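Student: Once you've had a glance at the structure underneath, I'll fire off some questions.
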Amino acid sequence: MIYSWTLSDQIIVFIRCIGLGVLLGLIYEFFSLLRCFLSDKTRAYVICDIAFSLVATVISFFFMVLYNNGKVRLNLVLAQIIGGVAFHFSVGRYLLKPLTFITVKIRRAMSVLLLPVKKLIAKLKPRGAVPLRKKIKNIVKIPLKKRKK
């Protein structure tokens, strides 16, 4: 076990953490595209942010175990943040716009291709059927007693 690291080893780990931050920035941009592809924006933000946090935590944990003997240091965490922010404001800014445009076009094409399936499902559904959401809403609704004045 190494008790004292040389300065050159610490600098190499620091530079690797900056590279890890760039990788995490790329993964964040991927989750941004995924968020754009999903239809419900509020749920998509929550789900994508939680998923990115979990993925980034696992990747950072294994990186620290592999390259720093499991020791988490503030300077290495800051190096990851610096790498991610640098990627976001340099390459990520120019990468996100064309990929978002392509994602929106793919989403529109998918909706056009799935239109016959939606119409078929609408024809197969009974006419007088009440959606399940309304049934549950009516079951949960509790009538309140009116107050006497």
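Student: Anything in the range 54-65 that is closer than 12 Å to VAL77 by Cβ and loosely packed, with under 11 Cβ neighbours inside 10 Å? List them, or say none.
Tutor: Selection gives THR57 alone.
Student: Restricting attention to the range 54-63, does a residue exist that is modelled with pLDDT of 90 or more and in contact with a Lys or Arg (Cβ under 9 Å, 6 or more places away or on another chain)?
Tutor: yes
Student: Now for a different question. Being more than 30 Å from TRP5 (Cα to Cα), at pLDDT 85 or above and among the acidic types (Asp, Glu) narrows it down to one of ASP40, ASP49, so name that one. If you could, list the steps in order and put the result at the bottom.
Tutor: Numbers: ASP40 fails: at pLDDT 85 or above.
Just one listed residue meets the conditions, ASP49.
Student: Residue by residue through the range 67-84, note down the ones that are open to solvent by less than 70 Å² (accessible area, probe 1.4 Å) and part of a helix (DSSP H, G or I).
Tutor: Within the range 67-84, ASN68, LEU76, VAL77, ALA79, GLN80, GLY83, GLY84 meet the criteria.
Student: Here's another thing I want to ask about it. Out of the residues in the range 94-110 that are open to solvent by 60 Å² or more (accessible area, probe 1.4 Å) and of a type in the set (Val, Ile, Thr), state the one that is farthest from SER32 (Cα to Cα).
Tutor: ILE106
Rundown of residues vs (1) in a loop (DSSP other than H, G, I, E, B); (2) within 22 Å of ALA109 (Cβ to Cβ); (3) open to solvent by 60 Å² or more (accessible area, probe 1.4 Å), yes/no style:
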residue: SER8; (1), (2), (3): no, no, yes
residue: ILE11; (1), (2), (3): no, no, yes
residue: LEU20; (1), (2), (3): no, no, no
residue: LEU24; (1), (2), (3): no, no, no
residue: PHE30; (1), (2), (3): no, yes, yes
residue: ARG35; (1), (2), (3): no, yes, no
residue: TYR45; (1), (2), (3): no, no, yes
residue: ASP49; (1), (2), (3): no, no, yes
residue: PHE52; (1), (2), (3): no, no, no
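The values are calculated or read from the model by the stated rules, or taken from the named source; none is laboratory data. What you see is a predicted model; the values in this text were computed from it and never measured. We place every Cβ from the backbone using ideal geometry, glycine too, and count neighbours over all the protein chains shown. Accessible surface areas use protein heavy atoms only, side chains included; no ligands, DNA or RNA. Shrake-Rupley method; radii C 1.70, N 1.55, O 1.52, S 1.80 Å.
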